[in-house]
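The next block holds one structure in the form of C-alpha cells; read it before the comments.
The values are calculated or read from the model by the stated rules, or taken from the named source; none is laboratory data. If you're wondering where the values come from, they're calculated on a predicted model, not measured in any experiment. Backbone-built Cβ (ideal geometry, glycine too); neighbour counts: all protein chains shown.
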C-alpha cells in the first residue's frame, strides 16, 4: 500500500458538484473518498455510484446504529452499492454488528466506530460511559472483533489499544490534523498524520485540512509525502 492509498478524503458536503469536483481534483492523489451523512442524505446513492464509476474506492460512513434487523437491511443495501468500507456503531452491540457483517459478506468491510473523536473523557462521563476513552475503545474493539467486524474506527490516541483488542483488523483513524494546521473545531482527540501512522493506523480519514485548503491537491500531496517519510524511517 502506498502513502497515497492510506488517505481517504472526507467529502462532507451537501453539494454534489463540489463532491464530484474534489474527486476529480484528487484523483490519483488519495486512496479513496469517505461519503458520510451530509453527502449521503443530500445526494443519496447516485453520488456513491458516480464516485465508484470514476474508479475510486468509497468508504460509506453511515455509522449504522439501530436494532439488528434494521441494520442488516441497511447494510445489505450498502453492499449493493459496491462500496469498500461501511461503518456501524460499536455501541449497537455484538448482535447488531454481526448482522451487518452477515449482510455484507466479503465486501464491504464492516468497520465498527468506537468512540467519536468529538468526545473527550468528560463528555463520556456525562453520557454514563464507564471509564475514559482509552478504556472504552479497546472494550468496544473487542466486541467488534468477536462479532466479525473487519476493523474499527478510533481516534489517533487509542490506536495502540484498538490494535491490541483487534490485532488483525483494519484501523481507520479520523481526527487527523497536519502539523501547524490545528484549529479550534469539533474534534477533541487528534494527531498529525505521521503520529497516527507511527502508532499503527492503516487508513487516515482527512477532511477539512484537504478539502478546505486553498489548493486541495497540494494539501493532499503534502500529507502523502509526510506519510511516506514515516514509512522510510
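Note on the stretch 31-145: enclosed helices (runs of 4 or more DSSP H) holding 3 or more residues that are out of contact with any strand residue (DSSP E or B) (no Cβ under 8 Å at 6 or more places or on another chain) and under 25 Å from residue 165 (Cβ atoms) are 94-104, 121-127. If you go through the stretch 208-232 and keep only what is surrounded by fewer than 20 Cβ atoms within 10 Å (Cβ to Cβ) and in contact (Cβ under 8 Å) with a residue 12 or more places away in the chain, you end up with 208, 216, 217, 221, 222, 225, 226, 228, 229, 230, 231. Consider the stretch 146-170 and keep the residues that are without any contact (Cβ under 8 Å) to a residue 40 or more places away in the chain and part of a helix (DSSP H, G or I). The one that is surrounded by the fewest Cβ atoms within 10 Å (Cβ to Cβ) is 164. Evaluation of residue 12 against the conditions (1) touching a residue at least 40 places away in the same chain (Cβ under 8 Å); (2) closer than 19 Å to residue 208 by Cα; (3) crowded, with 23+ Cβ neighbours inside 10 Å shows that the sole unmet condition is (3). When you scan the stretch 196-203, do you find a residue that is under 21 Å from residue 2 (Cα atoms), in a loop (DSSP other than H, G, I, E, B) and modelled with pLDDT under 95, even just one? The answer is no; no qualifying residue exists. Checking each residue in the stretch 102-130 for being in contact with a helix residue (DSSP H, G or I) (Cβ under 8 Å, 6 or more places away or on another chain) and farther than 27 Å from residue 207 by Cα picks out 102, 103, 105, 129, 130.
Only one residue in 107, 78 is under 17 Å from the mean Cα position of the chain (by Cα), surrounded by fewer than 17 Cβ atoms within 10 Å (Cβ to Cβ) and over 22 Å from residue 155 (Cβ atoms), so which one is that? Spell out the reasoning first.
On the way: 78 fails: surrounded by fewer than 17 Cβ atoms within 10 Å (Cβ to Cβ).
Exactly one of 107, 78 is under 17 Å from the mean Cα position of the chain (by Cα), surrounded by fewer than 17 Cβ atoms within 10 Å (Cβ to Cβ) and over 22 Å from residue 155 (Cβ atoms), namely 107.
Here residue 85 passes the criteria (1) crowded, with 18+ Cβ neighbours inside 10 Å; (2) farther than 27 Å from residue 146 by Cα except the one numbered (2).
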